[in-house]
Amino acid sequence: MSRSVRPAPGAAALLALTLPLALGACGAGIGVHGTPGGSGVRDPYFPKAGNGGYHVTHYALTLSYDPGGRHLTGQAVITARATRALSAFDLDFAGLRVESVSVDGSRARWNRAGQELTVRPHDDLARGGTFSTTVRYSGTPQTLTDPDGSKEGWLPTADGALALGEPVGSMAWFPGNDHPSDKASYDITVTVPKGLQAVSNGELRSETTKGDRTTFSWHTAEPMASYLATVAIGHFDITRTTGPHGLPVYIAVDPTQSKASQEVLAKLPGIIQWEEDNFGPYPFSSTGAIVDRPDDAGYALETQNRPVFPGAPETGTLVHELAHEWYGDSATPRSWQDMWLNEGFATYAEWLWEEDHGGDTCQQTFTALYDGTYGLDDPNSIWAFPPAKPSGAAHISDHPVYERGAMVLHKIRQTVGDDRFHAIVQGWAAAHRHGTVDTAEFTAYVEKMAPGKDFGEIWKDWLYGDGKPARP
Ligand code: TRP
Ligand code: ZN
């Protein structure tokens with residue numbers, strides 16, 4: 001599940017929350033004199049990601065794509081609330097050409113530096129006020145390379161394109177606040193040559209053909225982090241069915257993958273049912289999957305409502321990506337440091353699935369990892385750094401985040417027993433449904449849910465500690 005790795009780019013910057021507080025204090029109450037919003041939200045791993053001074057509530061993206069010429073035309077209408085008086089604010093946007101920017105209907109000045117699109121509205125924005133920014137843009141969207149060497153952003157495929165955004169790829173196809181701390185609802189409308197399809201998050205509201213172009217309108221009502229937004233353009237076989245309690249299921253499969261995918265995708269409603277039994281009510285209003293070709297992406301991704309797979313997934317991978325709907329998509333880490341809250345849970349979901357379906361127990365999996373007999377290429381790689389402190393942006397998808405993150409959950413289960421563990425994983429998802437989370441909140445939650453139990457060693461050695469913890 002984890003991706004190929006390159007050397008670390010160096011120590012991460014420190015998280016410091018003092019500056020926005022200070023600015024808020026001098027801006028507050030003055031109202032008319034805004035200050036610039038800031039070019040990042042001080043993520044310790046991706047410091048330029050996201051922007052200060054506002055929160056987005058809604059993105060309306062209207063896109064038109066021509067796969068032959070790889071040409072994208074876009075309009076983003078971004079509704080946001082200023083968290084302080086603003087003279088200017090930034091959007092994250094990589095590549096493409098900006099044609100115009102307006103704020104509340106008035107032309108705005110703007111300039112670009114790297115991934116920052118700085119917008120200067122005609123009038124300062126009042127603290128607490130809602131404002132609407134329209135960006136018109138066009139060009140060939142970029143494929144971005146992550147610190148670990150993986151590709152994200154806009155990926156051309158054999159018959160169209162695939163947009164993937166973890167951790168910072170959504171800025172390659174729309175301007176926004178590209179950080180998981182700022183979730184919003186979305187309307188994504190995509191026009192493609194007639195005969196092709198455009199699949200995205202949420203529910204398909206309409207599909208209309210005019211002349212030689214077809215427009216697909218997708219609606220996401222529940223909050224979504226930008227890294228989970230997707231668009232898949234190409235030829236797809238579509239299956240619509242229902243899951244538990246009538247949950248709509250929309251599955252899109254590249255025709256070359258249909259045969260190989262059929263058996264595993266037939267399990268999807270049952271997996272959702274099993275995950276509801278384990279994790280609580282499914283957090284969104286539809287589910288499904290997108291299966292493109294094996295070479296179209298280097299990894300699967302838990303895009304909201306319908307995860308993306310490069311080729312027919314294994315059952316374990318399907319279980320993993322669907323578990324992210326609870327852990328990651330609904331309860332979303334507030335910074336890229338806390339990836340293990342996504343990947344540890346999704347990996348543990350795979351272990352639980354095995355345990356419940358005649359495979360190894362979670363205890364056996366845990367022991368095999370501890371003893372180095374699990375089958376990792378380098379069994380010691382899981383001890384390279386602690387799950388809650390990845391050793392740089394290039395390492396947020398390494399084994400310590402996935403398998404050792406899952407081992408932390410298993411240590412909690414050993415400490416509290418099965419019933420209490422079940423209550424903790426369900427309760428955690430319920431308490432932070434559609435929200436954002438961090439590791440300190442998680443450890444506090446576990447302690448609250450298991451009074452009298454001591455987790456000190458688990459946090460110190462397994463979650464935050466360097467090296468291989470001593471055998472208990
Ligand atoms: N989240 C994906 C998964 O576990 C893997 C992944 C894709 C990833 N892109 C990433 C992990 C970027 C960290 C960073 O299925
Ligand atoms: Zn994952």
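Would you please put 184-197, 382-395 in order of how densely packed they are, using the mean number of other Cβ atoms within 10 angstrom per residue and starting with the highest?
Final packing ranking: 382-395, 184-197.
Per-residue ellipticity at 222 nm computed for the chain from its helices equals -7000 deg cm²/dmol, with DSSP H segments shorter than 4 residues left out and the rest contributing -39,500 (n - 2.57). Relative to the Cα centre, the charge distribution of the chain, modelled as +1 at Lys and Arg Cβ and -1 at Asp and Glu Cβ, gives a dipole magnitude of about 1600 debye. Pairs from the list 389/468; 448/468; 389/460; 411/453; 389/448; 411/468 with a Cα-Cα gap above 18 Å: 448/468; 389/448. Computed over the chain, the percent of Cα pairs more than 38 Å apart is 23. Neighbour counts of other Cβ atoms within 10 Å put 250, 464 in the fewest-to-most order 464, 250.
With a Förster radius of 41 Å applied to the C-beta separation of residue 464 and residue 71, the computed FRET efficiency comes to 0.30. Under 5 Å from the amide H of residue 237 lie the amide H atoms of 253, 254, each residue being 5 or more positions distant or on a separate chain, with H modelled from the backbone and absent for Pro and chain starts.
In this entry, segment 377-438 is assigned a mean projected area of 5.4 nm², taken as a quarter of its C-alpha convex hull surface. Sorting 292, 43 from the fewest to the most surrounding beta carbons within 10 angstrom yields 43, 292. Treating each Cα of segment 133-274 as one equal point scatterer and applying the Debye formula with no solvent, the log10 of I(q)/I(0) at q = 0.13, 0.21 Å⁻¹ comes out as -0.66, -1.50. Derived scalar couplings between HN and Hα for segment 415-420 equal 6, 9, x, 4, 5, 5 Hz in order, rounded to whole Hz, by the Karplus curve 6.51 cos²θ - 1.76 cosθ + 1.60 (θ = phi - 60°), x for Gly and Pro.
Would you mind calculating the relative contact order of the chain from Cα pairs under 8 angstrom and at least 6 residues apart, reporting the percent as a whole number?
It comes to 13 percent, rounded to a whole number.
With the convex hull of the Cα atoms taken as the outline of segment 43-196, the averaged projected area works out to 9.2 nm².
For residue 71, the residues whose amide H sits under 5 Å from its own are 66, ignoring neighbours fewer than 5 places away on the same chain, with H placed 1.01 Å from N.
Taking amide hydrogens as placed 1.01 Å from N in the peptide plane, the amide H of residue 157 sits under 5 Å from those of 162, each at least 5 positions away in sequence or on another chain.
Working out 0.36 nm times the residue gap between residue 79 and residue 130, then minus their Cα-Cα distance, what length gain in nm do you get to one decimal?
Full extension of this stretch gives 17.7 nm more.
With θ taken as phi - 60° and the Karplus curve 6.51 cos²θ - 1.76 cosθ + 1.60 applied, the whole-hertz 3J(HN,Hα) list for segment 172-180 is 6, 10, 8, x, x, 9, 7, 8, x Hz, x standing for glycine and proline.
When the Cα positions of 437, 379, 402 are compared along the charge dipole of segment 332-463, 437 comes out farthest toward the positive end, with charges on each C-beta of Lys, Arg, Asp and Glu. Based on a Kirkwood Rh over C-alpha pairs, give the Stokes-Einstein translational diffusion coefficient of segment 91-162 at 20 °C and viscosity 1.002 mPa s in µm²/s. The calculation lands on 150 µm²/s. Size of segment 245-357: Rg and Dmax of its alpha carbons, in Å, are 13.4, 39. Within the straight-line cut-off of under 29 Å between alpha carbons, the lysines reachable from residue 194 are 151, 210, 259, sequence neighbours fewer than 8 places apart in one chain being disregarded.
Quick note: the coordinates plus some simple rules give every number you see, no bench work behind them. What you see is a predicted model; the values in this text were computed from it and never measured. A quick note on method: Cβ atoms are made from the backbone with ideal geometry, for glycine too, and the neighbour counts reach across all protein chains shown.
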